[in-house]
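First up is the structure itself, then whatever we jot down about it.
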Number of protein chains: 6
Amino acid sequence: MNPTTKQQLMGVSTATLCTALFKRGLHHQFIQGVLPLNPGLPNMVGEAYTLRYMPAREDLNTIEVFKNREHPQRKAVEECPPGAVFVIDSRKDARAASAGGILVTRLMKRGVAGIVTDGGFRDSPDIARLPFPVYHQRPAAPTNLTVHQAIDINVPIGCGDAPVFPGDVVVGDGEGVVVIPAHLADEVAAEAVEMTVFEDFVQEKVMEGRSILGLYPPTDEQSRVDFAAWRRAKGR
Amino acid sequence: MNPTTKQQLMGVSTATLCTALFKRGLHHQFIQGVLPLNPGLPNMVGEAYTLRYMPAREDLNTIEVFKNREHPQRKAVEECPPGAVFVIDSRKDARAASAGGILVTRLMKRGVAGIVTDGGFRDSPDIARLPFPVYHQRPAAPTNLTVHQAIDINVPIGCGDAPVFPGDVVVGDGEGVVVIPAHLADEVAAEAVEMTVFEDFVQEKVMEGRSILGLYPPTDEQSRVDFAAWRRAKGR
Amino acid sequence: MNPTTKQQLMGVSTATLCTALFKRGLHHQFIQGVLPLNPGLPNMVGEAYTLRYMPAREDLNTIEVFKNREHPQRKAVEECPPGAVFVIDSRKDARAASAGGILVTRLMKRGVAGIVTDGGFRDSPDIARLPFPVYHQRPAAPTNLTVHQAIDINVPIGCGDAPVFPGDVVVGDGEGVVVIPAHLADEVAAEAVEMTVFEDFVQEKVMEGRSILGLYPPTDEQSRVDFAAWRRAKGR
Amino acid sequence: MNPTTKQQLMGVSTATLCTALFKRGLHHQFIQGVLPLNPGLPNMVGEAYTLRYMPAREDLNTIEVFKNREHPQRKAVEECPPGAVFVIDSRKDARAASAGGILVTRLMKRGVAGIVTDGGFRDSPDIARLPFPVYHQRPAAPTNLTVHQAIDINVPIGCGDAPVFPGDVVVGDGEGVVVIPAHLADEVAAEAVEMTVFEDFVQEKVMEGRSILGLYPPTDEQSRVDFAAWRRAKGR
Amino acid sequence: MNPTTKQQLMGVSTATLCTALFKRGLHHQFIQGVLPLNPGLPNMVGEAYTLRYMPAREDLNTIEVFKNREHPQRKAVEECPPGAVFVIDSRKDARAASAGGILVTRLMKRGVAGIVTDGGFRDSPDIARLPFPVYHQRPAAPTNLTVHQAIDINVPIGCGDAPVFPGDVVVGDGEGVVVIPAHLADEVAAEAVEMTVFEDFVQEKVMEGRSILGLYPPTDEQSRVDFAAWRRAKGR
Amino acid sequence: MNPTTKQQLMGVSTATLCTALFKRGLHHQFIQGVLPLNPGLPNMVGEAYTLRYMPAREDLNTIEVFKNREHPQRKAVEECPPGAVFVIDSRKDARAASAGGILVTRLMKRGVAGIVTDGGFRDSPDIARLPFPVYHQRPAAPTNLTVHQAIDINVPIGCGDAPVFPGDVVVGDGEGVVVIPAHLADEVAAEAVEMTVFEDFVQEKVMEGRSILGLYPPTDEQSRVDFAAWRRAKGR
C-alpha cells in the first residue's frame, strides 16, 4: 500500500469511507455486526490477508489436528505478512472461537496490523488488554474445532456480508471495519481526507449553533466562503 | 408535558415505568433491543417527535438528495421541538445509519432531549462523547441512503416493536427506553415515584439481610409498618 | 463440590474448560449469547440450581401473583443454596426480565455464587454496580410477567442452548459461562489447571517473539524441555 | 373433555378460536410457526399431553438410550391417552427430529388425536401420507439425540411461544394449532360456533357483492335483520 | 396503467422483471419472503394501493374498533380501486393476521387485482381456494389487533424489504412479487417481453441439448442467427 | 461411486442415513433448511461437485460478466460431471438466486444427478415441473449478481451448515439432503439398507397394533425372532 494512503487512512473514519464508497456505487463494504474488543486504539489499516472456515466435520477436527504444522489456521498465523490485516470468514457463526489469545498475540508480535472475524474470539478478556486492534461479533470460549474447520488461506471470502479480496485495504476504527477495493484505495483515501476536513469544519460550526441547512451539504455560498476561510486559518 | 411529570420521570427507572404500564394492560411499550451509547447520563425525558424511514430505492437516494432543504431527515432535525425526544423508525435495520454525529450534535444544540433509533448511528465513537442521550442497536457506518429513505415526519411509528405516537412521553435510562402514552403520563409518573420510594426501602432492607418473602410485595403487616416508619425517617 | 476443585476452577478460564470438555466429546456446554454485567470480578464457581420459565399466559400472570409466597421465582430466590449458581431457562427471550435488582441483591446477600439467564435482567445499571457475578443477554426492563411464567424449580433445563442439570458445576469469567457435568468436575478442573500452566508458558514465549509452530502444541522436543525448565523456575 | 365441546371444536377454525380468546385477554395461544404435514384432514381436537425436550448432552444421548423402556420419549408415546393431543416442546429447534414415522404411527394406532412439535419430524414424507394430524415447523431428518434430550412428561411447556398446560384443549386445522385453557374450553367452543354461523353468513353476503361496512361487524340494523332471517332459513 | 403494459406484464416472470430492474440499478424491488397461497393462477398485475400497520397498543386495539367505519383496514378494503394491488406493510411480522378470508373475498369481489402482505393471513385454507392472487409469509390465525394497528392508507411503505410507492406497478407470479417503479413500467415491461422471447428460445435449445456457452448470453454469432430464425419461425 | 452403493442409496431415506452417521459420531451432515421443489421423485444420489459464492461487489457483478465463458457459475454448469450432485454454498442467503431455470435444465440435460443450494432458485415454478431433483430454501427471483459472486469451483464448502467436500456422496429424498463422507459411503449405505429392512418390519408391526417397547429397538427376544421370520418370508 502507498504509504501516503496508509497515513491518510489512519486519520479518517469508517463512516466517511463508507460514504466515499457509496458515491462509487459500492454499498456493501462495511463488515456488518463486528465491534472492537479494545475501542481506544488508533485506526487499524492494512491489506487483507484471509482465512476461510467451513463447517467442522467431527472426524477431521479432533484436538490432534493442531499437531500438524500445515494446519491452515496455524500456518496462516505464521505467514500473514507484517502490516496486513488478518480477516476471517467464520460464516457469521460465533458459537465457537475463530482464534484465541495466543494466536492473536503471535499476530501482534509478528507486526500484523489487526485481526477481524465475523465470528468470535476466545480469551477475549485477555485480548481486550492487548494494544492491538481486534474485531469480532461476541466472545466465544469453545475451541474453533467445535464448529469451524480452517480450509483456505488468502482466497476471496465474505466477512460480515462484505466481499473481501486478498490485498483489499481494510480500515477499522471505534465503530467497525470497512473494506476498500485495492484499486480504489488511493482515491478513496484522498477523498476521505478532504471530506473529513469539511466535516470537522461543519461539526465546529454546528457546535457553535449553526443550522445544518445550507451548511451540510454546503448549498449556501456563504458556507463555502466560510469553509475556505476556516481551512486557511487552520492550515488544513 | 406537565413540568412536575417531567421532574418525576427524571427520577424513576424504565423498569419501574414498565411495571406501572403493565398494571394498565400495556405490555409492549419498552423499545426492544436499543442501548445507550453513553450510559452515565441523567434520564432522557421528552415528548416523541418521529421520523419514519422506508427501504431505500436507489434512484431516489443518491448523495445529491441532501442538497434539498426539504429532505425529511434534515428538515426533521431542524424542526424537532426543543425538549422533545427524536424517535426514528428504522425497521430494526442497522445495516446503515439512521443519522450521524453532525445531525446528532445539531439536535443537542437545538435543545432536543435525546434521540432513539431501532437501527444504528454512524460516528458512534464521537456521539458517545457528547453529553446527550442517544440510543441505538449497534454502530452503523454506512450512510442512511444505503438502506433507508426518510419519508414521513411526526406520524405514528413503530420503534423496536413498540408503538410510538407523536406526543407520547419517552423516557430513557441506562437500561433502555420506554414509551408512555400521552394521556397516562401524569398518573404513571406519579405512581412510579411511589413505587420507587418503596423499592428503595426494600433494596435497603434486602441489603441489610431481610428476606423478600412478605416484604416484596409487602404482604406482611410488619413490612408495611416498617415502610411507613422508614418514609417518615427519610422524609420521602 | 470438592473445595480443591472449586479453588482450581477459580483460576482457569471458560475457554480452557471448553477445550477440556471438547476432548471428552462435549461440544455444547458453553452458554451461548450471555455476557457479564460487571466484567472485572473473580470467576463465578458453584453448583447449578435452576429455575424454568415457560411462556406467560395472561390470566395466570397478573401483578397479584407475587403476593403468593409459593410463587416459584420468589421461592427459588429464598431456597437457592449458598454457594450455588442460580441458572434460569428464559428460552433465550429477553423481551422481559428474568429478574431484577432486588432479587439479585437478595441472592447475593444469601451467599449465592452468581446468577445466569439466557434472557435479560431489569435494573441492569444497578446490578452492574453489585460485587456479584451476573450474566445475561441484554437489559430487559419489562417485568417477567409480561413474557415469562416461573414454573419449575431445580429441574434439568436448557440455558443458551447448553444442557444444565441441577448440581452441574457452573463457571463464569469475563467471557461467559460454561457448564461442567457434575461427575467430570474434578478431572476437568485438574486438567484445566495443567493446561493453564502450559498456556501461560506459551503466552510468555509468544510475547518474547517465539513462533507457535512446534510450541503450541509442543510438538518440538525443545518446547517440552523449555516448559519443564519454566515450570521449575516458576514453581508451578 | 365435554363431548359437545369436542364436537363444536371439530367445526370451527383456529382463526375464530383465536378471536374468541383475544376477547378474553389471551393473545399468545396460537402456536407460532407450525404447519400441518397433511392439510386436508378434519380438525384435530384433544386435551394436551406434553413432552419436554432439553438440549442434548452427548454422553447421555447415545443410540443405546432407546434400549431403556423408561426413556421418556418412548414411554410418553405408549402412555399418551387415546383422544389426547401429544404436544412437544422442542425449543423451536428443528435441526433434529422431535420424532419419526414409527412413533407417529404408534400414536395414531393408539387412538391419539394428533401430534404437534415446534421443531420438526423425520420421515416426514411417510408421515404426510398417514390419515393423522401432524404439525411441525419443517422436516428434520437427524435423530432427536443429535440435539434433543427428552426429560419430562406431561408438565407445563412452551410450544411455538404458546403456553401449554396438560389438559388444555388443543385444536388444529389447515392453518395451524391453538391452545385453549381447559377452564375456558366450553364457553370458547360455544362462542366460536356462534361466530362461525355469523361469519358464514357474512362470507355468503360478501360473495354476493355486499360491502363489509355495517355488515362485519353488523353495525347496521339491516345486517342484524338479514342475519336473523338467514339463520332461520338455514336452520342454524 | 397502460393497457399494453398490463398485457405484457401478464406474460413475463418476476425473475425476468428483476433482471430488467437490476440492469437499471434497482436491486431491492423483489418482496422478500412471500409466497402465493394459490400458485396456479395467471400473473397478478396492478398498481400499488397500500396499507401501513404499526405495532398495536392494547388500549387502541380492542375488538370494538371494527365498529368504526373509518377504521383504516376496513376503509382501505372498500376504497382500494378495482385493478389495483393491495400491498400491506406488516413489518414482516406474521404472529398475527394482516387480514382474513372475508376481507380478501371483498377485495376480490370489488375487482382488486390481488393482495400482498409481508406478514400472514388468517383463514388461509379458505383463501387458498379463491381464484384470486394472495401472497403472504405464512398462515397467521390471530386477529390483526393482537400485533398490528392499521394507521395509514396509500402512503409509501416497505413490504418484505422492498420500497413500495402508491402507483408503483406490482407483478406477482408463482415465485413471488416484484415492484416496478411507476415511471419505468412501460420500458421494463417491453424489455421483459423481449427477454422472455429470447429465454424461451434458449430454454428450447437447452432442452435439445445445446451448451449454454455462447448461447446464454448469445456471444456466438451463430446463436444470434439461430435466434433470428427461430423468432421468424415462431412469429414472435 | 460403487454402483452397488449407489443402488443401495436409491432405496433408503435421509433420516436413516442420518442415524447411521450419528452412530459414527457425525452430527452435522444434514443440510439444514432446504426442501425439494418437486417432491415426488426417486432419491437423488451422486458425488458432490461444488460451487462457492461470496458476497457480490457491485463493480464486479454487472450483467456483462456472463459474457465471459470463464465465469465460474457458467463454467461449473458445463463441467459438472454427469452423475454428480451440484452443491452450492450461497451462505444461506436466499435474497437472490443461486441459479435459474435455464442453467438447471442444462444440468439435467448433461446427466447431472441433481442440484442443491442453501439459498434459492429463480424460475422456481418452471423448475418444479422438471423431472430433476432440485433443493433450495425458498424461491428467489433476483439474479444471482444482486447478492452472490461465483468465486470457486469444486472446493470444500458449507451448505446449510453441513460440511461438503468434493466427492462426498450426496443423497436427497422428499425430506431433504444428507452428505456422506466419501470414505464412509459404502459402509453407511450397506448399514442403511439393513436398518431400512428392520424399520419396514417395525412399521408393519406397529400398523398391526404392536407396542414399540421391546420392538424398537428390539430388546425383546421375541422381536428378534419375529423379525428373522419376517425377513425370510419377505425374502429381504
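One table, with the values for the structure above:
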item: Residues of the stretch D:87-114 that turn out to be touching a helix residue (DSSP H, G or I) at 6+ places or on another chain (Cβ under 6 Å) and either open to solvent by 20 Å² or more (accessible area, probe 1.4 Å) or closer than 15 Å to residue D:177 by Cα (or both), as a count; result: 1
item: The stretch F:1-10, residues that are surrounded by fewer than 19 Cβ atoms within 10 Å (Cβ to Cβ) and closer than 15 Å to residue F:133 by Cβ; result: F:10
item: Number of the condition not met by residue E:49 [criteria: (1) within 14 Å of chain B (Cβ to nearest Cβ); (2) under 26 Å from residue D:215 (Cα atoms); (3) buried (at least 21 other Cβ atoms within 10 Å of the Cβ)]; result: (1)
item: Residues of the stretch A:214-229 that turn out to be under 20 Å from residue B:76 (Cβ atoms) and open to solvent by 50 Å² or more (accessible area, probe 1.4 Å), as a count; result: 2
item: Residues that are more than 20 Å from residue A:44 (Cα to Cα), away from chain F (no Cβ under 14 Å) and touching a strand residue (DSSP E or B) at 6+ places or on another chain (Cβ under 7 Å), drawn from the stretch A:56-93; result: A:71, A:73, A:75
item: Which numbered condition residue C:40 misses (of (1) within 30 Å of residue D:159 (Cα to Cα); (2) assigned to a loop (DSSP other than H, G, I, E, B); (3) in contact (Cβ under 8 Å) with a residue 60 or more places away in the chain); result: (1)
item: Odd one out for residue F:109, checked against (1) in contact (Cβ under 8 Å) with a residue 12 or more places away in the chain; (2) facing another protein chain (nearest Cβ under 8 Å); (3) over 20 Å from residue F:141 (Cα atoms); (4) touching a Gly at 6+ places or on another chain (Cβ under 9 Å); result: (1)
item: Counted residues, the stretch F:43-62 - those being under 30 Å from residue F:8 (Cβ atoms) and without any contact (Cβ under 8 Å) to a residue 40 or more places away in the chain; result: 0
item: Tabulated pairs, the stretch A:216-236, first within 21 Å of residue B:66 (Cα to Cα), second surrounded by 14 or more Cβ atoms within 10 Å (Cβ to Cβ) and modelled with pLDDT under 95, C-beta under 7 angstrom, 6+ apart or interchain; result: A:217/B:66
item: Some residue of the stretch E:153-169 being of a type in the set (S, T, N, Q), on the phi < 0 side of the Ramachandran plot and in contact (Cβ under 8 Å) with a residue 12 or more places away in the chain; result: no
item: Residue among A:173, A:220 that alone is within 23 Å of residue A:9 (Cβ to Cβ), at pLDDT 95 or above and acidic (Asp, Glu); result: A:173
item: Of all residues in the stretch E:97-123 being outside any strand (DSSP E or B) and among the hydrophobic types (A, V, I, L, M, F, W, C), the one that is nearest to the chain's Cα centre (by Cα); result: E:113
item: Filter result (part of a loop (DSSP other than H, G, I, E, B) and over 14 Å from residue E:152 (Cβ atoms)) within the stretch E:64-79; result: E:68, E:69
item: Complete set of residues in the stretch F:148-186 that are open to solvent by less than 20 Å² (accessible area, probe 1.4 Å) and more than 18 Å from residue F:31 (Cα to Cα); result: F:148, F:150
item: Residue D:128 vs. criteria touching a Leu at 6+ places or on another chain (Cβ under 7 Å), surrounded by fewer than 24 Cβ atoms within 10 Å (Cβ to Cβ) and not β-branched (Val, Ile, Thr); result: yes
item: Lone qualifier among F:122, F:129 - being touching a strand residue (DSSP E or B) at 6+ places or on another chain (Cβ under 6 Å) and of a type in the set (Lys, Arg); result: F:122
item: Close pairs from the stretch E:185-212: first farther than 30 Å from residue E:165 by Cα, partner β-branched (Val, Ile, Thr) and outside any helix (DSSP H, G or I), Cβ under 7 Å, at least 6 apart; result: E:206/E:212
item: Residue selected from the stretch B:11-25 under the condition crowded, with 23+ Cβ neighbours inside 10 Å and not in a helix (DSSP H, G or I), by the criterion nearest to the other protein chains (Cβ to nearest Cβ); result: B:13
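The values are calculated or read from the model by the stated rules, or taken from the named source; none is laboratory data. Everything numeric here is computed off the predicted structure, so don't read it as measured data. Cβ: placed from backbone, ideal geometry, glycine included. Neighbour counts: every protein chain shown. When the accessible area is computed, the model is the full protein with side chains, heavy atoms only, and any ligands, DNA or RNA have been set aside. Shrake-Rupley method; radii C 1.70, N 1.55, O 1.52, S 1.80 Å.
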